[in-house]
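Accompanying notes for the structure given below.
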Amino acid sequence: MRVYKRNTTYLAEPGAFFEGNVHIHGNFMVPTRTHFWGRLVVDGDLELGPQSSVEGDIVCKNAVIGRESTIKGPLRVDENATICDRAHIHSIEAGGDIIIRPGVTVGDVRSENSVLIYGKIHSGTLVGRNVKIIGD
């Protein structure tokens, strides 16, 4: 599928699918219902659109994972990650803060800083300098 470049940001086509591994040398904005059938490596920030899926792992600098997205491999983030409502993720490892929204299903979560949980989630072990649950 096509990927468009605007300065240091790359944009995928809406509803695209990518076979194999993908490596983006910059920031990557992924629209709704985009699917990756391999590993996704982004040298910059990743914005994964709602209802998207990644069959492998993700490595990036910062990440925003859209609602109802699925990541079957680990999510490794150098800095901060925000996981939106009802996403399904194998596991998360971040060098900064992790924000997890309601309804998320995730395996183990590890952060060098804070893990902030808004509402109810399903998770494995939560490890961070500060783990805080906000709301019910």
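Details
- Strands (runs of 3 or more DSSP E) wholly inside segment 35-75 containing at least 2 residues that are open to solvent by 40 Å² or more (accessible area, probe 1.4 Å) and not β-branched (V, I, T): 45-48
- Residue within segment 112-126 that is outside any loop (DSSP other than H, G, I, E, B), open to solvent by less than 60 Å² (accessible area, probe 1.4 Å) and within 17 Å of Y10 (Cα to Cα) present: no
- Candidate set from segment 17-48 (those that are at pLDDT 95 or above and aromatic (F, W, Y)); member that is nearest to V77 (Cα to Cα): F28
- For segment 14-31, the set of residues classified as open to solvent by 60 Å² or more (accessible area, probe 1.4 Å) and farther than 14 Å from G56 by Cβ consists of P14, H25, M29, listed by residue number.
- Each residue in segment 97-112 was checked for being touching a residue at least 24 places away in the same chain (Cβ under 8 Å) and under 11 Å from N130 (Cα atoms), and 1 pass.
- All positions within segment 101-120 that are more than 17 Å from K72 (Cα to Cα) and β-branched (V, I, T): V115, I117
- Selection status of G44, out of contact with any helix residue (DSSP H, G or I) (no Cβ under 6 Å at 6 or more places or on another chain) and closer than 23 Å to V115 by Cα: yes
The values are calculated or read from the model by the stated rules, or taken from the named source; none is laboratory data. Computed from a prediction, not measured in an experiment: that's the story for all the values here. Glycine gets a Cβ as well: all are built from the backbone with ideal geometry, and neighbour counts include every protein chain shown. Please note that ligands, DNA and RNA were not included when accessible areas were found on the heavy atoms of the full protein model with its side chains. Shrake-Rupley method; radii C 1.70, N 1.55, O 1.52, S 1.80 Å.
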